[in-house]
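Colleague: Would you mind keeping the following structure in view while I ask a few things?
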Amino acid sequence: MISFSRRSRLEKAGRRARWSGLLAAWALLSAGQASAARPVILAYHQVGTSGGTTLSIQPQQLRQRVQGLRALGYRFVTASQAAQAGPQERVAVMEFDDGRQSVYAQAFPVLRELDVPGTVFVIWEQVGQPGYLTRSQLEELRAAGWETGHHTQSHAPLSRLSAAGLTQQLQPPAGVTCVAYPYNLQDARARRTARAQGLNCGVTGGPYLPRRDPLAQSAPALTPWDGAFLGARARYGVGGRTPLLAGAGLLLLLEQSPGAPALPAPLDWNPAGYELLGNGSLSLGLRGHERETRFAARWGGNDQGDWVLHLADRSSQAGRYRGFGVAYHRFPYTVGGGWDSAGPLLAGSLSLNRSGELWARWHPLAAGAGQEQERWAWGATLIPADYWQLYAAQTPGASEVGVNYWLPGGTPAAVRPWQVGAGYRHGDGQSAPFVRLGYAAGSYTFSSELDGAGRWGLRFGAAW
């Protein structure tokens with residue numbers, strides 16, 4: 001048992017350590033951001049057609065973006081050239097995903113006049129189909145200095161594929177060395193597969209962070225205000241997800257719970273998660289009277305040596321949990337530590353050969369009444385086949401097992417936007433089976449859950 005006076009000292013030290021750790025992490029990220037220029041990647045899908053702010057741009061707006069970035073000192077290059085640029089070089093990329101006809105008809109004449117090379121990422125199964133570029137048009141673009149990139153074979157969401165599916169989707173045509181991940185969905189498994197298949201450049205979404213991983217360059221989501229705030233976008237990576245991330249951060253920082261009892265950590269929270277992480281993720285969940293927020297971000301060089309930050313917040317009428325973890329990855333291991341409501345914690349995870357991840361966390365000082373459940377936890381996530389996910393997690397006082405499957409359907413067929421799931425949860429005074437229904441809109445997911453005890457839950461997630 002830990003004495004009351006010692007517990008009080010631990011709680012005060014824990015509060016100081018948690019806030020010091022968060023401030024240190026923020027300072028590190030901010031320092032890295034300010035110390036080096038980042039390639040500015042503007043990613044579009046169509047030109048001169050309607051389709052939403054992230055999908056389309058008018059030719060005149062395209063011209064204005066080029067002129068605006070040049071006035072800020074940026075030089076236009078291809079995506080592969082940007083991946084090799086020095087940390088202080090101001091380079092920009094005009095990216096066009098999917099390989100649509102409008103890129104050739106509308107963007108190519110404008111950029112040729114401005115002497116700007118573009119990069120077109122092609123869905124190879126669509127080449128020559130109505131509305132898509134032909135082989136001869138791709139050759140003409142390459143002859144004019146454009147780069148032809150890889151947008152996978154069928155535009156499949158890579159983070160939902162098995163090892164075999166990743167190998168098939170990421171196999172590039174001869175001479176193609178750069179990939180743009182569909183829906184900005186990628187993870188360490190996808191990055192390693194891309195590298196093994198000769199790809200040395202990759203583009204994904206999300207905010208800029210101090211990361212120099214050429215296989216995961218950030219292209220923040222576009223907004224209607226990019227023209228007016230082009231300087232802020234170029235320097236700070238302000239994008240479509242910025243309000244979401246800022247709002248979630250403010251809620252966590254401003255919400256106070258003085259005197260609230262400490263809750264156990266979320267059952268399946270992994271403070272050393274890496275194998276299934278892209279550049280970052282955010283999730284917000286509600287179940288009954290409980291609210292839960294999680295955030296993760298990767299920074300460093302590449303998946304052969306990276307750092308990752310994890311934050312978790314759980315609150316209900318019964319109390320609150322707050323925790324953070326910082327871990328270092330060196331394939332196939334990830335090890336780290338942090339601090340939470342139970343004191344210091346240690347964590348680790350192991351890659352399961354592109355099929356998932358095994359993880360564990362341990363709270364060395366969690367002991368005594370009410371803390372048995374916080375002593376340790378372990379879990380695993382497996383992707384045994386495309387669009388299937390199996391998972392399990394356990395602590396001394398609770399456990400959960402489940403399965404998720406992405407249903408066939410969608411346009412293109414590889415999208416599979418609908419997810420169904422089921423499982424069994426034990427602990428928290430109740431044990432019951434549950435069912436889940438989810439929907440994906442690009443890299444955003446929405447899901448609802450109902451268990452046998454009548455508890456209903458909602459979850460929103462974003463990945464990049």
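The values are calculated or read from the model by the stated rules, or taken from the named source; none is laboratory data. The structure displayed is predicted, hence computed values, not measured ones. Cβ atoms come from the backbone with ideal geometry, glycine included; neighbour counts cover every protein chain shown.
Colleague: Would you check which residues across segment 322-339 are in contact with a Ser or Thr (Cβ under 7 Å, 6 or more places away or on another chain) and crowded, with 23+ Cβ neighbours inside 10 Å and list them?
Modeller: Across segment 322-339, the qualifying residues are R322, G323, A327, T334.
Colleague: Any residue at all in segment 344-358 that's closer than 25 Å to G457 by Cα, outside any loop (DSSP other than H, G, I, E, B) and within 24 Å of the chain's Cα centre (by Cα)?
Modeller: First, pick out the residues of segment 344-358 that are closer than 25 Å to G457 by Cα: none.
Taking every residue of segment 344-358 in turn, none turns out to be closer than 25 Å to G457 by Cα, outside any loop (DSSP other than H, G, I, E, B) and within 24 Å of the chain's Cα centre (by Cα).
Colleague: While we're here: Anything in segment 350-374 that is at pLDDT below 95, farther than 24 Å from R291 by Cα and not hydrophobic (A, V, I, L, M, F, W, C)? List them, or say none.
Modeller: N353, P364, G368
Colleague: Given the structure, is A413 over 18 Å from L276 (Cα atoms) and not charged (D, E, K, R)? So that I can check it myself, show each step before the final result.
Modeller: Working: over 18 Å from L276 (Cα atoms): yes; not charged (D, E, K, R): yes.
Considered against the rule, which asks whether it is over 18 Å from L276 (Cα atoms) and not charged (D, E, K, R), A413 comes out as yes.
Colleague: Please note which helices (runs of 4 or more DSSP H) are completely contained in segment 182-278 and include at least 3 residues that are modelled with pLDDT under 95 and surrounded by fewer than 24 Cβ atoms within 10 Å (Cβ to Cβ). Explain how you work it out, then say what you get.
Modeller: Working: elements: 188-196, 230-236, 242-254.
Correct list: 230-236, 242-254.
Colleague: Then there is this: Might you let me know whether segment 94-116 holds any residue that is among the aliphatic types (A, V, I, L, M), more than 30 Å from the chain's Cα centre (by Cα), over 23 Å from R75 (Cα atoms) and not in a loop (DSSP other than H, G, I, E, B)?
Modeller: yes
Colleague: Failed condition for G427, given (1) touching a Leu at 6+ places or on another chain (Cβ under 8 Å); (2) modelled with pLDDT of 95 or more, with all others met?
Modeller: (2) is the only condition that G427 fails.
Colleague: Look at A347 and say whether it is touching a Lys or Arg at 6+ places or on another chain (Cβ under 6 Å) and at pLDDT below 95.
Modeller: No, not satisfied.
Colleague: Still on this model: Would you mind finding the one in R436, R354 that is buried (at least 19 other Cβ atoms within 10 Å of the Cβ), in contact with a helix residue (DSSP H, G or I) (Cβ under 8 Å, 6 or more places away or on another chain) and within 24 Å of G273 (Cα to Cα)?
Modeller: Details: R436 fails: in contact with a helix residue (DSSP H, G or I) (Cβ under 8 Å, 6 or more places away or on another chain).
After applying the criteria, what remains is R354.
Colleague: Out of the residues in segment 403-420 meeting the condition of being in contact (Cβ under 8 Å) with a residue 24 or more places away in the chain and under 25 Å from L267 (Cβ atoms), tell me which one is surrounded by the most Cβ atoms within 10 Å (Cβ to Cβ). Steps first, answer last, please.
Modeller: First, the residues of segment 403-420 that are in contact (Cβ under 8 Å) with a residue 24 or more places away in the chain: 404, 406, 412-417, 419.
From the residues that got through so far, the ones that are under 25 Å from L267 (Cβ atoms) too are 404, 406, 419.
Working: N404: 20, W406: 23, Q419: 20.
Going through the qualifying residues, I end up with W406.
Yes/no matrix, rows are residues, columns are (1) in contact with a Gly (Cβ under 8 Å, 6 or more places away or on another chain); (2) surrounded by 14 or more Cβ atoms within 10 Å (Cβ to Cβ); (3) under 30 Å from E125 (Cβ atoms); (4) modelled with pLDDT of 55 or more:
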site	(1), (2), (3), (4)
R16	no, no, no, no
A31	no, no, no, no
R90	yes, yes, no, yes
V103	yes, yes, yes, yes
A107	yes, yes, yes, yes
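Colleague: With respect to G99, is the statement that it is surrounded by fewer than 23 Cβ atoms within 10 Å (Cβ to Cβ) and either touching a strand residue (DSSP E or B) at 6+ places or on another chain (Cβ under 8 Å) or not assigned by TED's automatic domain parsing to the domain that holds P408 (or both) true?
Modeller: Numbers: surrounded by fewer than 23 Cβ atoms within 10 Å (Cβ to Cβ): no; either touching a strand residue (DSSP E or B) at 6+ places or on another chain (Cβ under 8 Å) or not assigned by TED's automatic domain parsing to the domain that holds P408 (or both): yes.
No: the conditions fail for G99.
Colleague: I'd like the full set of residues that are modelled with pLDDT of 95 or more and surrounded by fewer than 16 Cβ atoms within 10 Å (Cβ to Cβ), limited to segment 73-88.
Modeller: Once the filter is applied, which keeps residues that are modelled with pLDDT of 95 or more and surrounded by fewer than 16 Cβ atoms within 10 Å (Cβ to Cβ), segment 73-88 yields G73, R75.
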